[in-house]
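Inspection log for the structure reproduced underneath, given as structure tokens.
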Amino acid sequence: MVVLSFTVRGRGINPCADLSVETPDHAHLHRAERLVEYVLNVATVTGPCLLHSPETRVQHSSEIVVVGAGAAGLAAALAFARDGFETILVGEASMARDGRTVALLAGSVRFLEALGVWPEIEPDAAPLETMRLIDDTGSLFRPPPVAFRSTEIGLTAFGWNVENATLVGRLGSAAARAENLACLTSPAVSYEPTASGARVALADGTKIDAALVVAADGRRSKLREAAGIQARHWSYPQKALTTILAHDHSHRQASTEFHTRRGPFTLVPLPGRRSSLVWVTSPEEAGRLAELPDEKLALAVEKQAQSMLGKMQIDGPRGVVPMTGLSVDQFTAPALALVGEAAHVFPPIGAQGLNLGFRDVAALRDAVMDAGAAGHAPGSEPALSTYRRGRTVDVALRTNAVDSLNRTLLSGLLPLDLARGAGLLMLAGVGPLRRAAMREGIGPSRGLPRLMRPVGPA
Ligand SMILES: Cc1cc2nc3c(=O)[nH]c(=O)nc-3n(C[C@H](O)[C@H](O)[C@H](O)COP(=O)(O)OP(=O)(O)OC[C@H]3O[C@@H](n4cnc5c(N)ncnc54)[C@H](O)[C@@H]3O)c2cc1C
């Protein structure tokens, strides 16, 4: 049910009249809004002493409210709406281009296929068939380059790389036309638990009551704070420069990660002879590079890439992102679940961040479906405890792995170099270990959410 409540004020009505209109569902919301508009217009026009309040307060109720229209929030809203939950998405999708791409691993692509959006994304995505790691630290124990091929584990590709803004734009278009999904653009300002779930208030005064609140509002999550969930923040002495490059040689569907003393320098394929760059380096160096004219930056990238893709040209906007990390002590609060960067942040190494975020969403969807089959509400403790249990290990494992690799690169300590080098040597040589590492790299070997599995029922 949707309630539109509004206030009529004026000299003739003292002190004021509170009126409300109820509609059975979101499909009737537009008609109800027109009715309110009509009443207010009539009041303003016909009664000289009637003035309507500048604020029309709107109250909604829904089964699920998702806050944050980034990739994780959009995917969550689409997933719940697809399963027939009456869903509201709060927030505005940002399509600002900053040269940032996301490599979506196989499980994430299967998830987007299940949501019905992958066919619209795929034409702008490039497959990642080979992943190369090159130690460029100058360490005494420098192992030879290692290359992993997706065919070794029976996949046509490890994943697909696409511009972040394109991904968000396509998910946003799908959300705008999805059934069971209403989109509100005003930002959320508060969350409070209620007897039947939780209430979210928006900056424009709208109140939404829902059985479950999905907080997908990013690393500075207001809802996480309002729910009293503690977050641990940390930072690295690094920034990442991002951009898109056109180059003379084909990338042959291979991404290459050079491990340098200042952080990883990664080129990831895009359709055609184009690649995206994530150059993690010192803040000073990132600042210097970001200020270079296009030709000089292209030359610097070509040099750092050891000319493996030939002559380069800058072919997109640039961005500079500080390297930070975040972990939370709880993934849930009463009738609330955190997903995506509201729950975890780490440096862009090994294409893990959003893939982990999509696994949060798909795991939450499974937990809610299973709880529903047992007669429990979406935000009930059985649903939330299943979600919590399922996410803790996966998120901790990825956060620690990325953090350790980044810190061993930065440390320059011989024993750490040795350990990293030995690890890479083993991955290069030992077949079963190599295949196990590849499988684990693209997602957890056990407990993958149902919509991410290669086969099997949803
Ligand atoms: C350089 C770089 C490269 C990366 N490469 C990869 C990669 O290859 N593969 C990968 O998997 N990951 C990658 N990542 C990580 C990935 O980009 C992030 O994990 C992902 O974009 C986070 O999505 P999100 O939806 O959780 O958060 P966000 O994108 O931050 O979205 C949060 C949304 O919530 C909105 N919001 C905030 N507050 C409110 C409020 N109060 N009310 C309503 N809305 C609100 C924001 O406006 C925003 O739209 C990379 C990251 C970086 C920096």
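Coordinate-derived values only; no laboratory data. All values derive from a computational prediction rather than experimental measurement. Cβ placement follows ideal geometry from the backbone for every residue including glycine, while neighbour counts extend to all protein chains displayed.
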Starting from the amide H of Thr185, placed 1.01 Å from N in the peptide plane, find each other amide H under 5 Å away whose residue is 5 or more places distant or on another chain. Gly91
Could you calculate the contour length gain from Arg439 to Val455, that is, 0.36 nm times the residue separation minus the distance between their Cα atoms, to one decimal place in nm? 4.2 nm
If the label point sits 7 Å along Cα→Cβ of Met95, residues of region 158-185 with amide N under 18 Å come out as 162-178, 183-185
Among 341-347, 67-73, 254-260, how do they line up by average Cβ neighbours within 10 Å per residue, starting with the highest? 67-73, 341-347, 254-260
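Full-extension gain between His249 and Asp204, please, as 0.36 nm times their residue separation minus the C-alpha to C-alpha distance.
Net length gain for the segment: 11.0 nm.
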Which lysines does Lys296 reach when only Cα atoms under 29 Å apart count, and residues fewer than 8 places away in its own chain are ignored? Lys239, Lys311
For labels at His233 and Ala373 in the simple 7 Å Cα→Cβ model, what's the distance in nm? 4.1
Would you mind getting me the FRET efficiency between Glu152 and Arg389? Use the beta-carbon distance for r and R0 = 35 Å, nearest 0.05. 0.65
For region 223-236, in residue order, the Karplus 3J(HN,Hα) values (coefficients 6.51, -1.76, 1.60; θ = phi - 60°; whole Hz; Gly and Pro = x) are 5, 4, 5, 4, 7, x, 7, 6, 10, 9, 10, 8, 9, 10
Per-residue ³J(HN,Hα) for region 321-338, Karplus 6.51 cos²θ - 1.76 cosθ + 1.60, θ = phi - 60°, Hz, x for Gly and Pro: 10, x, 8, 9, x, 8, 9, 10, 8, 8, 8, 9, 9, x, 6, 9, 10, 8
DSSP-assigned coil residues among trypsin sites (Lys or Arg not before Pro) in region 231-289, each with at most 13 further Cβ atoms within 10 Å: Arg252
Any residue on another chain or 5+ positions along whose placed amide H is under 5 Å from the amide H of Gly316 is listed here as Ile244
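Take the alpha carbon gyration tensor of region 299-407, find the square roots of its eigenvalues, order them as a ≥ b ≥ c, and report rounded if a/c is under 1.5; if not, report prolate when a/b exceeds b/c, else oblate. Intermediate values should be presented prior to the final figure.
On the way: a/c = 3.32, a/b = 2.64, b/c = 1.25.
Since a/c reaches 1.5 and a/b is larger than b/c, the shape of region 299-407 is classed as prolate.
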Mind listing which trypsin sites (Lys or Arg not before Pro) in region 89-149 are in a DSSP loop and have 11 or fewer other Cβ atoms within 10 Å? none
Which whole-Hz couplings ³J(HN,Hα) result when phi for each residue of region 192-197 is put into the Karplus expression 6.51 cos²θ - 1.76 cosθ + 1.60, θ = phi - 60°, listed in order with x for Gly and Pro? 8, x, 10, 4, 10, x
